[in-house]
Structures are given as structure tokens and as C-alpha cells.
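Contents: one structure, followed by commentary.
The values are calculated or read from the model by the stated rules, or taken from the named source; none is laboratory data. Keep in mind that what you see is a predicted model, and the values were worked out from it rather than measured. Please note: Cβ atoms are built from the backbone with ideal geometry, for glycine as well, and neighbour counts cover all protein chains shown. Note: accessible area is taken over every heavy atom of the protein model, side chains too, but ligands, DNA and RNA are not part of it. Shrake-Rupley method; radii C 1.70, N 1.55, O 1.52, S 1.80 Å.
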Amino acid sequence: MFLKKIQIIALFMFAVAGNHVFAQNIITIPIETRENALVMQTDADNHLFIIYFGKKLSQTSEYQSIPAQSTQHDDNSGIHNSAYTPSGTWSISEPALQVTHADGNKSSDLVYVSHKTTKENDNISVTSIILKDPVYQVEVTLFYKIYSNENVIEQWSNIHSDEKSEIILQKYASSNLYFIAKDYYLTHYNGTWAREMQPEEEQLTAGIRVLDSKLGTRANLFQPPSFLLSFDKPASETEGKVLLGTLAWSGNFRMDFEVDSYHNLRLIAGINNYASEYPLASKQDFKTPSFIYTYSENGKGEASRNLHNWARRYRILDGEGSRLTLLNNWEATYFDFNEEKLSALFKDGKKLGVDLFLLDDGWFANKYQRNNDKAGLGDWQENVKKLPNGIGHLVKEATNTGIKFGIWVEPEMVNPKSELYEKHPDWVIKQPARPEHYMRNQLPLDLSNPEVQNFVFGVIDKLFTENPAIAYIKWDCNAITFNAYSPYLEKSKQKQSQLYVDYVRGLYKVLEKLRAKYPKVPMMLCSGGGGRVDYEALKYFTEFWPSDNTDPMERIFMQWEYSYFFPALAQSNHVTDWGKQPLKFRTDVAMMGKLGYDIVISHLNEKDLQFSKQAVSTYNSIKDIVWHGDLFRLVDPKKNDYAALMFSSKDKKRAVLFSYLVNNRYEAGSDVPFRLQGLEASKKYRIKELNLYPETKTAIKEDQTYSGDYLMTVGFNPMVNTRRTSVIMEIMEAQ
Ligand code: GLA
């Protein structure tokens, strides 16, 4: 650690003179979870620095002497480990905070004022640290919410101004962290439609590596705000130091990873300040979104299980609850349906044994009918040709058939060819003097406008008010934000640069209001596939749609990557006709998350139908383990001929193992056992193959028992090969 000279002298005197000399000057603040610690310390000038991040010490008092061990100091250049880096004064590093003050001055400094820790319960506490600019009336409070057992820290900042008039926030990060390791390996994700979550791991070198989005709505289309960061060497599933981080924000984000001149790593994460200077009036607060992270010294597996436990318990709506299996009509009918066709599909869903039928796009709009994606979006009245008796009739029909009814909406968007666009051109995000630019023939509505917020709320509220039995909503968002300009902000004399932030805040206002009135109805977060997945939106949604690409071969890889950040109960996986794999393979892949179907059931031959009915009932018998158990990724499809992963129940009495062939080359498959995880060494287990296709036999000896010790030391071979391309096994404690 490098220190300013004065701080080194201070610590030296501290060492010589004992505690009382500098107790008032040097303050050490440890933020501890069950296993880890983030420790900050003030210097003699009262600036706050990060002095440690890693495994926690048993003696809290020992943290304070960490800086004295370091000789990384240079009086002539930067000090990089600020707990929240100001700009324009003593720090020349990439800032966390950049402000233009009321008088136009652009300098900021932050000194420590006070801190306190409030305990919410045995597991959760919040430490807040107040920092203040000694010259200008600006205060920043750093919040660290600790979920101790899950080793998760949720961090955000609150910026407050007492200046006489408005100040402008140029950069306003959620979190500023600092790590010291030999090397840093960052895994980040890129993609586009149908190619979401393509991982890349790179060793970070000197300079700043930025992960960001400027897409506005559908912000994650090219890159999600989630990453893995390994220290010293790339972490494996079971070994290595690794941090999983993600920003809880459904809009533009920016994360700066900077390897500094000491080869230490600075991380600044928050809303993207691109075109987003934000005004802050006198006496007002700006609360940043949360940056959420967990750290493990035992590899990526443990880190992601920690995050899953946290997400189910504290974040995802109804995260510890149950989910509905469903039949969706999107790929079965696209826009081409009527009441008769839908009634037949309700019966198909019932026959299949799923809980719910989900009516997708195309049910609305009359003047400009919604028969393709070119028109009608925004006109949320039932199409009288397709549905002369309205949604109410469909809900009744479904209920009579013994299946619940859910419906698709995309309330944030509008087709220019729509009555909504004709009536309210000023509700649309577009540049007044420039040609419109579309994605999927549509434009986002201006959710910074309270009238638009009411409209969006009203779309869903009307559906529920008229049809209280609607049991599920799929909320879509298919366009990014081009030509960012808000007629509302213009009219209300606010700044255009607020739009990206105010849009997301507007969206959250709508979702908040909806959840106040309809707290429980399950909702799927969809964005033309996985264009919007984050832990702020998931406060309101029960699940998300990872990608429109449901080719099971692609999904094995994608679902694997999503599983680092999100638990299986939140991942909607549908069996569709994408890909060349047999129905069993497609079904087995969909079963490692929240199972749904999007195929024409009436086109299935007798055996396929028999298999699918059996699969739904098998899924019902294991879903509890998949949704609420611990996930262990065992064999990585990126590095092997096959993938294998398992979920085990918290009491380790039952587990389910999924394995899939991902390579068709000669003799590809599992030819030796691989180690299982998450079992009890001393327990005895029996293994049974599930989801066999009719008239096929298992290759597994089901009458044998194995100790957990054997299965976790020698392992097991599910015999995945070119004749058995996917295998699901249940592992049960033997009585
Ligand atoms: C998006 C979704 C699909 C489907 C269509 C409907 O692309 O990702 O699942 O709902 O919209 O238009």
C-alpha cells in the first residue's frame, strides 16, 4: 500500500507512542461479512482510503497496522486507493465523484466526518460513512449493507448538496473499490440478440478497461453489468480468489477497472455518466443504484452460491417461493391466432400438464392491427377480429379448461404506426429535428414523463382490474434508445441530460406502484431476449428471459454463464423447435431452470407427447431442488465434450445432475467418472436416471448404493455419449 508521507509518519508514531496518540486522527473502519473484510482508514488529513480487501482477520484490531507494511508511496504522483475518489484537487485518478459547483468551480475534496453501523438483524447491518467537502457544501454518504452469512455487500452512495443553488453531478459512482493482488483476470460478457452472455476472460493490464452500456432501454443487449474478477490467477469452480460483481440498475452503466502504477486494481462502478450530467438542487439528495458483490477464496462455485442464496432470500420477488410451468404460444402461432386456436392451445397445455398458458404478442390494436411487429404497439385494446369476446373470455375459457392464464405486454414502447403515436407524439423519445431511427420498428415512450408513467401503469392495471384472474405477465422491451431526447424534460425546463437516469427512475416508479397494488403476480422480465437483467429490476420480477435463442446447444452455454449471477428459479427456459436436437435433449436443457414450452403440442407424435407429459411430472418432482438447492457446475462445456452440473438440496438428501453432450466428434462423451459436489460424505446414495425417452433403457446401475465420499472423491460417470446425448440423474439418500 502506498501512503502519503504524512500518513507514514503518523503510523510510525502510532507504533511508537501507542494507541491514544492517534486514536482521534486515524480511524479504521472494517466492513466485515462472515468470511471477508473491506477495511478503510483515514489519514492525518482525514481522507478515507481502502487499506484492505480480502479474507477477514480474527483480530479486528490488527487491520489498522496493514498500511505500515507497505512501501508503495510516491509523493509526486497519484494516490489511488481513495474510498470515493474526488476530482479537481489532490487526486488525479479516474474519479468516483465529479461535480460542477453552483459557482462553476469544478473541484471537489472529501474528508471523513463520521460513521455508524446499524444492525437490522443478526445477518444484516448497514455501515454509513459521511464524507464532506471542506470548501463546498457537498456531502457524500457511503453505504455498505452487509449480508453476513451470504458474504454479500450491497454498496451505494448518497450525494447531498447544501449549496445555495443547483450543482451538476458529472460523475456519481455507486462504488469505488481497491484491490491488491499479483494479477487480475476479468471475465466479462458480450453479445447481441440471440447471442447473449458470451464470456471472455482477460488479464487486465495497465490502464483503464471499461465495461459499459449506452443503450438506454434494453441496456444489456451488448453487455450486462455483471462480471467475475479473479485475483492472482484465474479462479476455477472450486479454487481461487474471486469477486462476482453486478450493478443493480436497468439503464446505462459504466465500470472502470484500472490497473494503476503500483499494479493495484481500482474499480469504479455506477451509472454511466455518458450524456448524463445530473442537476442536484439545493438540499436535495442523489441516491446511486447499488453495486452488489461477493468474494470467495474458494472459487467461482462458492461465490455464485453465495449470490444465489442472497438473491433468493433478499432480492428476487418471491425468491424463496414457487414458480409456474407454462405453455407459450409465441413460436407456435406468432401473430396468427384467434379464440378458437387459443382454446385448443389451452387444452394442449392442460394435456401437457403445465400450470399456465401464456398469450404472447399480437392480441391488441385495431386501427393499426398488430399482425406483425410493424404496427399497433401502444394500442392496448383487444383486437376485435382475433378476440371478439375480449381477454375476459379467454381467461374464463382457460380457467374452465383447468389452466391459468398469463399475458404478454410491452408497455414502454410504441410503433409510429399506432393510435398512441398519433395522439401523443410528445410522449415519444426522438429528436425533434432529426429522422426517426427504429429498432424493431418501434420507439421507447418517455418514461421521465409522469403522464407516460401513469399510462404504462394503466396498461397493466386495466388488465388486472378487468381480469383479476390473470396469473402471469411477460413484460417485454424490444428497442434500445436512439435519438435520446425528451419533450417532457424540455417542456418542464429540466435538462435533457437527465433523460437516461430519469427514464429508469420512471420505470421503477411504475413497477413500485404496480407491486404495491399487485404484490404477488409472477412477472417475467424480457427484453427481446436477455437485454435487461439486473438486480434492481428483479425486485419486481420473479424471473427473466435469458435469450430468444432457445437452441438447446446454445442454451447450455448461455444458462451456464447466467448461472454465475442468477439462481435457476429465475431463469425461464422454454422447450421450442429451435436447434437440431431431439425433444429429450431440448427438454433436459430447459429443465435446469424454470421449465416452459413454446411448441405446437398437437404436432407431437404419440411418443413425444407421452415423453413430454412425463417430463412435466418429473420436473414437478425435482423442481424444488433446482429452484432452492445449491448449484455446482462440474464439467465446463467450454473445455470439454460435455457439460455437467448438479443441484443439491440444502439437507443434502437429494440432488439432481444434468449432463449434456456438446461435441459430436468420434467417441465424444464422458468416458471416466467426474467428481460430484454438495453431498454428505458419510451418507449413502442411490442413483436413478430420470426423463428417459419412452422405450429406452438406462445405462446406469440403479440398484447400487454409493457413499457421498465415493461420489465426491472417485465421482460418477453418467455415460453421456453420442447415443445418450443428455442424461438427468436423481441422487437420493438411500434408506
Ligand atoms: C420478443 C421476445 C419474444 C416474443 C416477442 C414478441 O422478441 O423476446 O419472446 O415475446 O418479443 O413480439
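Observations on the model:
- Computed E for ALA469/ASN25 - FRET, C-beta separation, R0 51 angstrom, nearest 0.05: 0.20
- Rg/Rh (Cα only; Kirkwood hydrodynamic radius) as it applies to the range 9-302: 0.96
- When the chain is described by a simple charge dipole with +1 on each Lys and Arg Cβ and -1 on each Asp and Glu Cβ, the residue from THR71, GLY596, SER213 located farthest towards its positive end is GLY596.
- Full-stretch length increase - SER61, ASP318 - with 0.36 nm per residue and alpha-carbon distance subtracted: 88.5 nm
- Across the cross-link table entries LYS132/LYS509; LYS171/LYS495; LYS607/LYS688; LYS374/LYS430, which are compared at the Cα atoms, the separations over 20 Å belong to LYS132/LYS509; LYS607/LYS688.
- With the convex hull constructed from alpha-carbon coordinates only, the chain shows a mean projected area of 33.7 nm² over all directions.
- Across all directions, the average flat footprint of the convex hull enclosing the Cα atoms of the range 342-392 is 4.0 nm².
- Surface composition of the chain: carbon plus sulfur atoms contribute 49% of the solvent-accessible area (1.4 Å probe, protein chains only, all chains present).
- Rolling a 1.4 Å probe across all protein chains gives ASP373 an accessible area of roughly 40 Å².
- Note on the chain: helix-only mean residue ellipticity at 222 nm, from DSSP H runs of 4+ residues weighted -39500 (n - 2.57) and normalised by residue number, equals -6500 deg cm²/dmol.
- Inter-label distance, nm, simple model (7 Å from Cα along the C-beta direction), ASN605/LYS233: 5.1
- Rg/Rh ratio calculated on Cα atoms of the range 269-371 (Kirkwood radius): 1.19
- Dipole of the range 378-474, positive end: most advanced residue of PHE405, LEU420, ASN467 [Cβ charges, Cα centre]: PHE405
- The value given for the range 243-326 is a Kirkwood hydrodynamic radius of 16.0 Å, derived from the mean inverse Cα-Cα separation.
- Here the dipole of the chain is about 1160 debye; that uses its Cα centre as origin and unit charges on the Cβ of Lys and Arg (positive) and Asp and Glu (negative).
- For the range 707-716, 3J(HN,Hα) per residue [Karplus equation, 6.51 cos²θ - 1.76 cosθ + 1.60, θ = phi - 60°, Hz, x = Gly/Pro]: 7, x, 4, 4, 5, 9, 10, 7, x, 8
- DSSP beta bridges in the range 434-575 [antiparallel fraction, %, rounded to 5]: 10
- Listed residue (HIS80, ALA332, ALA516) projecting farthest to the positive dipole end of the chain, Cβ model: ALA332
- Using the 1.4 Å probe convention, the accessible area of the chain works out to 38 Å² per residue with neighbouring protein chains retained.
- For the range 630-733, dividing the convex hull volume of the Cα atoms by the residue count gives 88 Å³ per residue.
- Debye log10 I(q)/I(0) for the range 415-509, one point scatterer per Cα, at q = 0.11 Å⁻¹: -0.35
- Label zone at LYS580, where the point sits 7 Å out along the Cα-to-Cβ direction: the range 588-622 residues whose backbone N lies under 15 Å: none
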